Amino acid sequence: MLTKRIIPCLDIKDGRTVKGVNFEAIKDAGDPVELAALYAAQGADELVFLDITATVEKRKTLSELVNKIAHRINIPFTVGGGIKSVEDVSVLLQNGADKISINTAAFEKPTLIELIAKNFGSQCVVLAIDAKKEADGEWYVYLHGGRTKTDRLVKDWAREAVDLGVGEILLTSMNHDGTKQGFALDITSQLASTLPVPIIASGGGGNEQHFFDVFTSGQADAALAASIFHYKEIAIPDLKKYLAIKGIAIRL
Amino acid sequence: MNIAIVQYNAGNIQSVLYALERIGVSALVTDNVEQIQKADKVIFPGVGEASTAMQYLRERKLDVVLQNLKQPVLGICLGMQLMCAHSEENDTTCLGIFDNEVKYFVPKISSIKVPQMGWNNITQLKTGLFQDIPENSYAYFVHGYYAELSKYTIATTQYIQEYSSALHRDNFYGVQFHPEKSAAIGEQILQNFLNI
């Protein structure tokens, strides 16, 4: 049976993890390769690396890092952050990334999705959406790491992007991100039940029950979290055992 | 041991090379006919679309080369599908090493996603390719088309229906999943192939 996926996310700046804390098992939690290898060994199903490096000159650092990760890690991984062109995608895939994620650049130029899908296949195109529920009860798309509001509804943008060729959607609720109060179940299940591509839920996962809820009520195909894994608030093997006991299809 | 990874217009080829490096062997990524023919083992990987891949292989006469190899050959994902007789993906005549038809997954309900993406079980494991691999082990899949069950089936997986997640005939092996991305189980399967 196809399993639900648990995906740790590592934020990368200038080739280093931003939020790494000390793990006894590894010498340097600031080294993304070491931390990624630890998560893979613990049973993470995939990994996401989000580059928040501000400067263009440091992009080469990212492609070198991706190559090191590809040599070391034996599970699939996605790389995102600042991707603006087919050339950016090509460099990352050639260095061994399995998928790339695009966000603002795709919204500003939707044909980018078509170009990437045509050149490399939909299976490697993850659309990241930063979503915020407003007072009117609707979910809106935000850009530039959540700093810029748009008038576009999440459900409309997600549908258009799928029609253009994205193979997966990484949906982050800005209302829930960092709260540890649970994932956004309503918009997650709305997308998961109406779109033909997998939905990765992100933002708000704080305990094991939240993951159970997002896989059941939220109908998510995968769940992503960062700090709760980095700060060892939840250990991946414990989380996966909990979900398996509760009847969720999980790879143990 | 001389290992050739067939280079063609498909993705994910480096990942196979890196996975082999992790289990301590080096390989040559090549589209050179002679290098492929004289290799001890040939790996035919790939993520991509069937008709453009077959056209590329035919233009370089690699189709005939692959069909006539006598050493162990392992097709991965699209590589395995191209070793079948025909694919519904753009109505493509393939290499015919396995006489299987490759069909499109038709979801029975709208909540089933196509392509299948993620970890699924491999069962009814046969041949040395799956030596020491427990029944129901998880492997990583990304595919929208599947090979039907046949006498060549050496592993099955359930997604929408039961299908062939691995095939075998003589010296030819094919796996639908990605051993290079399937954690320790995948590395063991690659090692098993090298041991054949």
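With +1 assigned to the C-beta of every Lys and Arg and -1 to the C-beta of every Asp and Glu, and no other charges, what is the dipole magnitude of the stretch A:5-245 about the Cα centre in debye, to the nearest 20?
So the magnitude is around 360 debye.
Going through the stretch A:112-205, which GluC sites (Glu not before Pro) have at most 15 other Cβ atoms within 10 Å and a DSSP loop state?
On the way: sites: A:Glu114, A:Glu134, A:Glu138, A:Glu160, A:Glu168; in loops: A:Glu134, A:Glu138.
Answer in residue order: A:Glu134, A:Glu138.
Taking H placed 1.01 Å from N in the peptide plane, check which residues at least 5 places from B:Gly75 or on another chain put their amide H under 5 Å from its amide H.
B:Phe44, B:Tyr173, B:Gly174, B:Val175
Please work out the ratio of the alpha-carbon Rg of the stretch B:3-195 to 2.2 N^0.38 Å and round it to two decimals.
Expressed relative to 2.2 N^0.38 Å, the Cα Rg reads 0.94.
Might you report the magnitude of the Cβ-based charge dipole of the protein assembly as shown about its Cα centre, with Lys and Arg at +1 and Asp and Glu at -1, to the nearest 20 debye? Mind showing how you got there, number by number?
Numbers: 42 positive and 51 negative charges, 89 e Å.
Roughly 420 debye for the protein assembly as shown.
Using only helices, what value at 222 nm comes out for chain B when you add -39,500 (n - 2.57) per DSSP H run of length 4 or more and divide by the total residues, to the nearest 500 deg cm²/dmol?
-7000 deg cm²/dmol
So what's the net charge close to B:Met117: Lys and Arg +1, Asp and Glu -1, counting the other residues with Cβ under 15 Å from its Cβ?
+1
What is the set of long-range amide H partners of B:Val29 at a cut-off below 5 Å, with H atoms built 1.01 Å from backbone N?
B:Ile5
Explain nothing, just compute: Karplus ³J(HN,Hα) = 6.51 cos²θ - 1.76 cosθ + 1.60, θ = phi - 60°, for every residue of the stretch B:140-154 in order, whole Hz, x for Gly and Pro.
Ordered by residue, 3J(HN,Hα) equals 9, 10, 9, 6, x, 10, 9, 8, 5, 5, 7, 5, 8, 5, 10 Hz.
Taking θ as phi - 60°, what are the ³J(HN,Hα) couplings along the stretch B:36-44 by the Karplus curve (6.51, -1.76, 1.60), each to the nearest whole Hz, with x for Gly and Pro?
So the J values, rounded to whole Hz, are 5, 5, 8, 5, 6, 9, 10, 10, 10.
For a quick size check, give me the Cα extents of the stretch A:5-245 along its three principal axes, largest first, whole Å.
Extents along the principal axes: 47, 42, 29 Å.
Go from 0 up to the bin containing the longest alpha carbon distance in the protein assembly as shown, width 10 Å each, and give me the % of pairs per bin.
4, 22, 33, 26, 12, 3, 0
Can you list residues from other chains, or at least 5 along the same chain, whose modelled amide H is less than 5 Å from the amide H of B:Thr92?
Counting only residues 5 or more places away or on other chains, the set is B:Ser87.
Step through the residues of the stretch B:14-23 one at a time and calculate ³J(HN,Hα) from phi using the Karplus curve (6.51 cos²θ - 1.76 cosθ + 1.60, θ = phi - 60°), rounding each to whole Hz and writing x for Gly and Pro.
Result, rounded to whole Hz: 4, 4, 5, 4, 5, 5, 5, 4, 5, 8.
Rounded to two decimals, what is the ratio between the C-alpha radius of gyration of the stretch B:83-191 and 2.2 N^0.38 Å?
My calculation over the Cα atoms of the stretch B:83-191 gives 1.03.
Could you please rank A:Asp98, A:Asp28, placing first whichever residue has the fewest other Cβ atoms within 10 Å of its Cβ?
A:Asp28, A:Asp98
In nm, give the distance between the simple-model label positions of B:Lys126 and A:Glu233, each being 7 Å from the Cα along the Cα-to-Cβ direction.
Those two pseudo-labels are separated by 5.1 nm.
Along the positive direction of the dipole of the stretch B:3-195 (beta-carbon charges: Lys, Arg +1; Asp, Glu -1; about the Cα centre), which of B:Tyr146, B:Val25, B:Asn171 reaches farthest?
Toward the positive end, the furthest listed residue is B:Val25.
Values quoted throughout were computed directly from the atomic coordinates according to the rules given, and no laboratory measurement underlies them. Keep in mind it's a predicted model, so treat the numbers as computed, not measured. For neighbour counting, all protein chains shown are included, and Cβ atoms are generated from backbone atoms with ideal geometry for every residue, glycine included.
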